[in-house]
Structure formats: structure tokens, C-alpha cells
1. Go through Ala162, Ala109 for me and flag whichever is more than 16 Å from the ligand (Cβ to nearest atom) and on the phi < 0 side of the Ramachandran plot.
2. In contact with a strand residue (DSSP E or B) (Cβ under 9 Å, 6 or more places away or on another chain) and in the same structural domain as Ser318 (by TED's automatic domain parsing): is that true of Leu268 in this structure?
3. Please enumerate the residues belonging to the stretch 68-115 that are within 25 Å of Leu178 (Cβ to Cβ), assigned to a helix (DSSP H, G or I) and touching a residue at least 60 places away in the same chain (Cβ under 8 Å).
4. Within the stretch 180-227, count every residue that is polar (S, T, N, Q) and at positive phi.
5. Kindly provide the set of residues from the stretch 191-205 that are open to solvent by less than 50 Å² (accessible area, probe 1.4 Å) and not in a helix (DSSP H, G or I), ordered by number.
6. Answer yes or no as to whether Thr18 is touching a strand residue (DSSP E or B) at 6+ places or on another chain (Cβ under 6 Å) and within 16 Å of the ligand (Cβ to nearest atom).
7. Restricting the stretch 165-192 to residues that are more than 19 Å from the chain's Cα centre (by Cα) and over 29 Å from Gln237 (Cβ atoms), which is farthest from the ligand (Cβ to nearest atom)?
8. Just for the stretch 194-217: of the residues that are touching a residue at least 60 places away in the same chain (Cβ under 8 Å) and under 16 Å from Thr152 (Cβ atoms), which one is farthest from the ligand (Cβ to nearest atom)?
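The values are calculated or read from the model by the stated rules, or taken from the named source; none is laboratory data. Everything quoted here is computed from the prediction, not taken from an experiment. Please note: Cβ atoms are built from the backbone with ideal geometry, for glycine as well, and neighbour counts cover all protein chains shown. Please note that ligands, DNA and RNA were not included when accessible areas were found on the heavy atoms of the full protein model with its side chains. Shrake-Rupley method; radii C 1.70, N 1.55, O 1.52, S 1.80 Å.
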Amino acid sequence: MRVGIMGTGSYVPERILTNNDLAKIVDTNDEWITTRTGIRERRIASDDEATSDLAFKAAEKAIIDAGIDKNEIELIIVATMTQDHLTPSTAALVQDKLGIKAAAFDVSAACTGFIYGFTAGYSFIKAGIYKKVLVIGAETMSRVTDWEDRGTCILFGDGAGAVVLGEVETGGFLASHLAADGSGACELIVPAGGSRKAATAETIENREVYLKMNGREVFKFAVKAFPESVENVLTQQNLTADDIDIFIPHQANVRIIEAIAKRFKQPLDKFFVNLHKYGNTSGASIPIALDEASKEGRFKKGDKIVATGFGGGLTYGSILFEWSK
Ligand code: COA
């Protein structure tokens, strides 16, 4: 049985925050942000929007795109690091909003979350447990962003993307690689608000409830982990980078994407890029990119696609699949 993407959908909040807007909040400027990251603007959720709201809107679109009845979905997986609450899961909230009967759980693997979720969804179907699985990546990064820290607040944005996985006639899943290196946990971390350090007046005062990042270390990690992961899935299928029609990289920084294209001696236009519009939407970045690339007609049936994520954990991973639609 072949398992692949039946439909995709995405949703980004209406509010746009440009680099020039950011320059009014912290000591930065459009030129610095654009040349160091490629990011020009990002979307910010409205006060009454949480991650499950963005996830629900992306999910509805993916279900329509798949041409199925929503009641066919048996499992919902939400990859997120900005869940609505510590508990319940965001996936359970999406299940309720969709008004369907389905199992639901969240995946916590930061910017690699969608790759983990996709692999889990594929595995549930392949094992014969469920027939159709909704995998969503959704984030409201603006809620964990320290708007006083110019080293991080310029990078992140809000949004959601979703795919429906199910049996497909041609193509579909070919390989997956998932990895974690928890020794690098401190490089990208929200220190407080969990069981190690509760959200107290003191930790809030110390801004420990916001995302902290060691940018240089994460950059070094990304340019090492990304190619290692791509090589892994290519080797599993005896392929080389030349055999891949399009790469869907996690949208963190265009300089990281350029370094990877160079490393694999591939033209940059084989790498889908939309980070100039949305910044780094963490777990949502790959499914948003997949949906936009699909809607822009970038995929042909039979195209070989590699999607790669990296980020907090530290985690990284790739999926290799053939476009089935
Ligand atoms: N605007 C203007 N100047 C800034 C700035 C900003 N927003 N942020 C930092 N700077 C300054 C620094 O203070 C530093 O000044 P100094 O030399 O006087 O000390 C200088 O710019 C260089 O800072 P540095 O941190 O070395 O910049 P960098 O070239 O490493 O770029 C990142 C910073 C964050 C863009 C880069 O490290 C990066 O992209 N890392 C990966 C981050 C990532 O992808 N995270 C998500 C992974 S999922």
C-alpha cells in the first residue's frame, strides 16, 4: 500500500509585521534583517487567535483539497511548540473545532515537529491502524517571542499548514530520517513555564518564559544536520540530490538554505523559499511551504520531494516522497 499526501492547506493571520515595524520596537533595521536572514515580514496572530484556531483553518482547507468527508479523518496530529495550553493537547481542541470523532495528540519537536508528525501519521496508516490522518504544523510564535530581544524577535512568525495522509495510487512516502541531540537543548529553549521552572512572578520578570536562542550555535548545527539528514533519506532509496525535483527546507534563514544548495551543488530554485513573507513559523513552516508550492503548481505527479526540518531539541529530520496528486 502506498501512503501519501491527499491534500494540503494553510492559513496565516492577516496582520503583517514588517522589518520597518520591528525597527520601531527594537534597535534593528530592514537592511540588517534582510541580509542576515532573508526575512522581510511575518504574520502575527490577533489577540483572540491561538494555535488551535490557525490549525483548524489550515485543516479545513486541507480536507477540502483532499476531496474527502471530514468524518473520514481518524487521527489528528498537531506539531507545535506553542500549544494553546500545557494541557489539553492542541490536537484535541482542533478535533472539537472540526466536530469529528478522531484520536488526537500533539508532537513536540519544535521546527522538526511536522517531519516527526508526518512520519508518525504514515506509520499509523502503514500499520493498518488508521486509514486517513490529518497532520498539522501550527504555531503562534509571537506568544513566546521576547519582543525586547532583537536577536530572536526578528526571526519568528505565526501560521499553520496541514496535510491529509491516506492511501494513494502512485508515489507517496519513500523514506524518513528522524534525529535528536538533547545535549544541545539549551541552544533553543523556553526556560520557564514547564516543570523545571514554573511560570512565577520571578521567571516572568527574568523573561524566562520567552524563547532564548544561541543564534550562532543553531546556525552551525543547521548547516551540519541538514545535509546529514538529506543524505540519509537519499541513501535509503539509492538516490542523489540530482534525482530530487524540489526541496522543501524548514524556512529559518535563507543563508542556511543557500549553504545547503551549494553543498549539494544544486540550483537555488530547486529549494522552495517563502520565508521572506512569513519568517520562521517553526513547526508550521514546512506544511505552509508544501501547500504554497502545491498551489503555485511547483509539483508534478511523480516529482521526488525532500522536506527537511531542524530546530529545538535539538532535533532534525527529513522525509522523502513522491508527489501523488
Ligand atoms: N539588528 C541589528 N543588529 C543585530 C541584530 C538585529 N536584529 N541582532 C543582532 N545584532 C548584532 C549583534 O549584537 C552583533 O553585534 P556586535 O558584533 O556589535 O556584537 C552583530 O549583529 C552580529 O551578531 P551575530 O549574532 O553574530 O549575527 P549573525 O550573523 O550570527 O546573525 C542570526 C544572527 C540570528 C540571524 C543567525 O545567527 C542565525 O540565523 N542563526 C540561526 C537561527 C535560526 O535559524 N534559528 C531557528 C532555528 S529553527
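1. Ala162 is the lone residue from the list that is more than 16 Å from the ligand (Cβ to nearest atom) and on the phi < 0 side of the Ramachandran plot.
2. no
3. Ala110, Cys111, Thr112, Gly113, Phe114, Ile115
4. Residues in the stretch 180-227 being polar (S, T, N, Q) and at positive phi: 0 in total.
5. Pro191, Ala192, Gly193, Gly194
6. yes
7. Ala192
8. That would be Val209.
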